[in-house]
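Take a look at the structure set out below.
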Amino acid sequence: MGQIRIITINTWKCDGNYDKRLVLLAEQLKALSPGIIACQECFSSDEANADTLKFLSEKLNMQFGFLPARFRKRLFKGNWVNSFSGLGILSSFPIRELESYILPEVPGDEPRKLQLAEIELPGNNKMIIANTHLTHLRNVELRKEQAGFVADKVAAFEEYKYRLICGDLNAMPGSTEINALTSRAKAIDCYAAGGGAEPRYSLAEAYNRGIMICVDHIFALPYPSTNTYPDFVNSAIVLNAKDHEKGIYPSDHFGICTTLVID
């Protein structure tokens, strides 16, 4: 048996003190020794010569897959630059990008996407990992539709022993949107399954005001054709240590972490 630490983190595009945040994020991630990291809002701009996912992959010595999304001009170091805010998966194990999909959408929100990748785990095991970022609009029905879409796509990959869904879902545990995902995919909440402490929280600004809001999640589907789930341990909130000298967190989100126990 072995263990693989999995983290999901919204990296906050190029906002805040980008350079210093990115160094801090890499340092805190390295200390956690993760095997797999699902990242949202990965900033990428050829014009600015900046790439969040590439920087992290080099600092952590991990392979990565990047899915560009949400193209627009963003303010970076005083200049407006063309850039993507995309989805990225970092892995210490061989990774192969499989599929990508555009989520259900409405006018007024840029296309949201679903990233799917295959990861070769020790012991000839394979995982499919889904990474996504649901709409921030105050539209519960749209998020519910997006969550159901994600659930259906991942559930269809029945040839994989391990099937995980990670991301910033812009919805709290027990919400209509989260229930839509877990019920349709027959998925479990890995934070709870791994003994994570409550209350959980992942939004830094709210946390600083004493409000516990968690919109970042990791879910696991059952083993194919069974009602049995993988085991998870040591779930925790991570990437929540402030650099008091610089006065910053690695991101405006904290990370959610769990550890998968593999056969």
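The residues of the range 2-40 that are in contact with a Cys (Cβ under 9 Å, 6 or more places away or on another chain) and open to solvent by 10 Å² or more (accessible area, probe 1.4 Å), listed by number, are 5, 13, 32, 34. Note on the range 44-75: among residues that are in a strand (DSSP E or B) and among the hydrophobic types (A, V, I, L, M, F, W, C), the one that is farthest from the chain's Cα centre (by Cα) is 75.
Beta carbons closer than 7 Å, at least 6 apart along the sequence or on distinct chains, pair a first residue in the range 231-249 that is touching a residue at least 40 places away in the same chain (Cβ under 8 Å) and within 16 Å of residue 33 (Cα to Cα) with a second that is open to solvent by 50 Å² or more (accessible area, probe 1.4 Å) and in a loop (DSSP other than H, G, I, E, B) for 233/195; 235/195. Looking at the range 114-138 only, could you name the residues that are at pLDDT 95 or above and among the polar types (S, T, N, Q)? 115, 131, 132, 135, listed by residue number.
Selection of first residues in the range 186-203 that are without any contact (Cβ under 8 Å) to a residue 24 or more places away in the chain and of second residues that are buried (at least 18 other Cβ atoms within 10 Å of the Cβ) and not aliphatic (A, V, I, L, M), restricted to Cβ pairs under 9 Å at least 6 apart or on distinct chains, gives the following pairs, ordered by first then second residue: 199/214.
Considering only the range 56-74, state which residues are modelled with pLDDT under 95 and either crowded, with 18+ Cβ neighbours inside 10 Å or not charged (D, E, K, R) (or both). Result: 69, 70, 71. Scanning the range 148-174 for residues that are out of contact with any strand residue (DSSP E or B) (no Cβ under 9 Å at 6 or more places or on another chain) and touching a residue at least 12 places away in the same chain (Cβ under 8 Å), which turns out nearest to residue 211 (Cα to Cα)? Filtering the range 148-174 for residues that are out of contact with any strand residue (DSSP E or B) (no Cβ under 9 Å at 6 or more places or on another chain) and touching a residue at least 12 places away in the same chain (Cβ under 8 Å), the one nearest to residue 211 (Cα to Cα) comes out as 172.
Taken residue by residue, the range 91-100 has no member that is open to solvent by less than 10 Å² (accessible area, probe 1.4 Å), within 19 Å of residue 203 (Cβ to Cβ) and modelled with pLDDT of 95 or more. For the criterion of being β-branched (Val, Ile, Thr) and out of contact with any Lys or Arg (no Cβ under 9 Å at 6 or more places or on another chain), residue 95 passes. Looking at the range 206-246, which of the residues that are in a helix (DSSP H, G or I) and open to solvent by 70 Å² or more (accessible area, probe 1.4 Å) is nearest to residue 136 (Cα to Cα)? Result: 207.
The C-beta contact set for the range 111-122 (first residue more than 11 Å from residue 154 (Cα to Cα) and in contact (Cβ under 8 Å) with a residue 60 or more places away in the chain, second residue among the polar types (S, T, N, Q) and crowded, with 24+ Cβ neighbours inside 10 Å, distance under 6 angstrom, 6+ apart or interchain) comprises 119/91. Only one of the numbered conditions (1) more than 24 Å from residue 224 (Cα to Cα); (2) of a type outside the set (Phe, Trp, Tyr); (3) more than 15 Å from the chain's Cα centre (by Cα) is violated by residue 169, and that is (3).
The values are calculated or read from the model by the stated rules, or taken from the named source; none is laboratory data. All of these numbers come straight from a predicted model, not from anything done at the bench. When we count neighbours, we look across all protein chains shown, and the Cβ atoms used for this are built from the backbone with ideal geometry, even at glycine. The area values use the complete protein model at the heavy-atom level, side chains included, leaving out ligands, DNA and RNA. Shrake-Rupley method; radii C 1.70, N 1.55, O 1.52, S 1.80 Å.
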